[in-house]
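The values are calculated or read from the model by the stated rules, or taken from the named source; none is laboratory data. Please read all numbers here as calculations on a predicted model, not as lab measurements. A quick note on method: Cβ atoms are made from the backbone with ideal geometry, for glycine too, and the neighbour counts reach across all protein chains shown.
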Amino acid sequence: MGPVTTQLDEQARTIFTDLGYTVTDDGEEFRAERDWKSVHVTVTEDPAETPDSGNYRCFVTSEEQAPTLRDRLQRADPEYEWAIISVEDDDYEVVRAPPCRGTAV
């Protein structure tokens, strides 16, 4: 995935922490864990590439990039459950994939 601003990365971590997740660095991504669920979180401003594997994934991107990323994920139809968090200034919106194989993100 493309380069990420520190501000977007910090916002993503704050969103998950505020939702009650424990946030742990995991290479270029981070993991957000709560109860039995572990979500791999990718913060990106360039939705050109998406990971091929995982169980639960969440992508955090700017509001203007969210539709492009959603379209890319829908076309790719990955094996994992996914969601997108669209961030604008200090506000965010959660965009979920339609229900598919397995449990919702």
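Descriptive notes on the structure:
- Count - residues of the stretch 13-27 that are surrounded by fewer than 16 Cβ atoms within 10 Å (Cβ to Cβ) and either over 20 Å from Ser86 (Cβ atoms) or touching a helix residue (DSSP H, G or I) at 6+ places or on another chain (Cβ under 6 Å) (or both): 6
- Within the stretch 19-47, residues that are in contact (Cβ under 8 Å) with a residue 60 or more places away in the chain sit with their Cβ atoms under 7 Å from residues that are part of a loop (DSSP other than H, G, I, E, B), at 6+ positions apart or across chains, in these pairs: Val39/Val105.
- Filter result for Gly54 (at pLDDT below 90, part of a loop (DSSP other than H, G, I, E, B) and at positive phi): yes
- Residue ID - nearest to Gly20 (Cα to Cα), chosen from residues in the stretch 48-77 that are of a type in the set (Ser, Thr, Tyr) and in contact (Cβ under 8 Å) with a residue 24 or more places away in the chain: Tyr56
- Among the residues making up the stretch 33-51, a single one is touching a strand residue (DSSP E or B) at 6+ places or on another chain (Cβ under 9 Å), more than 14 Å from Tyr92 (Cβ to Cβ) and either assigned to a helix (DSSP H, G or I) or among the aliphatic types (A, V, I, L, M) (or both): Val39.
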